[in-house]
Every structure is written in C-alpha cells, then in structure tokens.
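Below: the structure, in structure tokens.
The values are calculated or read from the model by the stated rules, or taken from the named source; none is laboratory data. Given the structure is predicted, the values throughout are model-derived calculations rather than measurements. Cβ atoms come from the backbone with ideal geometry, glycine included; neighbour counts cover every protein chain shown.
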Amino acid sequence: MNRANLFCQRVMHFILVLGFALSACLATPVTIKDGRGKIAIELWASAKCVEPGDMLIVRATVTNQDSRTHLVEVKDQSILDLSIGYRTETGSTIIKWSDAKPLTPDLTRLELKPGESRTIELRWVVIEPAPSAIGVSARFIDDLRFSDHPLSPFMMIYGPGGCPGPFGP
C-alpha cells in the first residue's frame, strides 16, 4: 500500500470517528445523580443537544436505598419537581412539572418503602429559535429539616451551535 492510499484511509477513518462522535453528542441521553443519606435522586434528559422542534424529555427518579421506609410530607409545595429554564430576547422562562397541578397528597406527600422509586417526567418541544443553553433541574425535599436546601441536581442542554465538541464551544 502506498503512502497516498494510507493517508486517505486515515483521513476516512478520522471522518467516520468524528461523525460518530458528533451524532453521539446529539442523541445521547444524560444522567446526573445526587443524594443525601440513603435517598438518591437521578436527573435524566433524552439528549445533550437539541434543535428547534425536538422533543426534550426530562425525568427525575427518587430511590429509597435504606432498609427503612422514607416518608416526607409538606403542605405548600411539591415534594418532587422538574424544571426547564431558558432565556430568549424577551426574557427568561421556567417551565415546571408541577405547574397547574393542584397541591394534592400525590404532590405533597411521598412514602417510599425500601428499594422503591418514584419517577416524574416532563416533555417539552424545543421552541424556534432554540435557546443556545437550556437549564434542566430536579428538586426533591428529602428531609423537612433541609427543606430550604433540597436535593437539586442540575444539567445544561445545548441548542444549535452550543453543543460541546470539535465544532462547538
């Protein structure tokens, strides 16, 4: 094999690897975990990078990893919530899973037996023009003593031109 053919093969291999890496950035779900004691919360998003019209799916899962039942009850807010926040030229927007839901015991009380989990999901169609950065967070009041400091994992989702990688920031 001559040098020109070898060079072409290496360039083609590089292009293939780069293409896979870029497509993986767009399609790969992302997970962030947090916890205190025997309670764990996992924040999951369907993609790290989005385009206008894409469906972004976000989930929060709380798991009791203790050998005892975990019970938390509040009166004035949701025990577990998800939010998607972004800025546009007209200002900031925050969309919450709990928006327009009545404060029933389903939202204000959570009892998890050992090994049990509870998951909530928020779906959002990315607006046009898509924000360059979208903040996604979960909020879980795991202990009333720490209600001012809930477990709050956070991640960034990137819009067009914002996806980290060889051609982004």
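Which residues, counting only those in the stretch 55-101, are over 15 Å from the mean Cα position of the chain (by Cα) and either buried (at least 17 other Cβ atoms within 10 Å of the Cβ) or hydrophobic (A, V, I, L, M, F, W, C) (or both)?
Within the stretch 55-101, the subset over 15 Å from the mean Cα position of the chain (by Cα) is 63-79, 87-93, 98-101.
Of everything in the stretch 55-101, those that are over 15 Å from the mean Cα position of the chain (by Cα) and either buried (at least 17 other Cβ atoms within 10 Å of the Cβ) or hydrophobic (A, V, I, L, M, F, W, C) (or both) turn out to be 63, 64, 70, 71, 72, 74, 78, 79, 98, 100.
Pull out all pairs, ordered by first then second residue, where Cβ-Cβ is under 6 Å, the residues are six or more apart or on different chains, the first lies in the stretch 21-44 and is acidic (Asp, Glu), and the second is at pLDDT 70 or above and surrounded by 15 or more Cβ atoms within 10 Å (Cβ to Cβ).
Short answer, once both residue conditions are applied: 34/41; 34/151; 34/153; 42/61.
With a cut-off of at least 2 residues that are farther than 20 Å from residue 63 by Cβ, name the strands (runs of 3 or more DSSP E) lying wholly within the stretch 82-159. Spell out how you get there, then give the answer.
On the way: elements: 91-96, 109-112, 117-125, 133-140, 154-158.
Here the list reads 91-96, 117-125, 133-140, 154-158.
Please tell me if residue 65 is of a type outside the set (D, E, K, R) and touching a Lys or Arg at 6+ places or on another chain (Cβ under 7 Å). Let's see the steps before the verdict.
On the way: of a type outside the set (D, E, K, R): yes; touching a Lys or Arg at 6+ places or on another chain (Cβ under 7 Å): yes.
Yes: the conditions hold for residue 65.
Which residue, of 122, 112, is surrounded by 12 or more Cβ atoms within 10 Å (Cβ to Cβ), on the phi < 0 side of the Ramachandran plot, within 18 Å of the chain's Cα centre (by Cα) and in contact (Cβ under 8 Å) with a residue 12 or more places away in the chain?
Values: 112 fails: within 18 Å of the chain's Cα centre (by Cα).
122 is the lone residue from the list that is surrounded by 12 or more Cβ atoms within 10 Å (Cβ to Cβ), on the phi < 0 side of the Ramachandran plot, within 18 Å of the chain's Cα centre (by Cα) and in contact (Cβ under 8 Å) with a residue 12 or more places away in the chain.
In the list 79, 32, 15, which residue meets the criterion of being modelled with pLDDT under 90, among the hydrophobic types (A, V, I, L, M, F, W, C) and within 14 Å of residue 140 (Cβ to Cβ)? Steps first, please.
On the way: 79 fails: modelled with pLDDT under 90; 15 fails: within 14 Å of residue 140 (Cβ to Cβ).
Only one candidate qualifies: 32.
State yes or no: is residue 130 surrounded by 13 or more Cβ atoms within 10 Å (Cβ to Cβ) and either farther than 27 Å from residue 38 by Cβ or β-branched (Val, Ile, Thr) (or both)? Spell out the reasoning first.
Working: surrounded by 13 or more Cβ atoms within 10 Å (Cβ to Cβ): yes; either farther than 27 Å from residue 38 by Cβ or β-branched (Val, Ile, Thr) (or both): yes.
Yes: the conditions hold for residue 130.
Among residues belonging to the stretch 116-165 that are in contact with a Pro (Cβ under 6 Å, 6 or more places away or on another chain) and farther than 14 Å from residue 50 by Cα, point out the one that is modelled with the lowest pLDDT.
141
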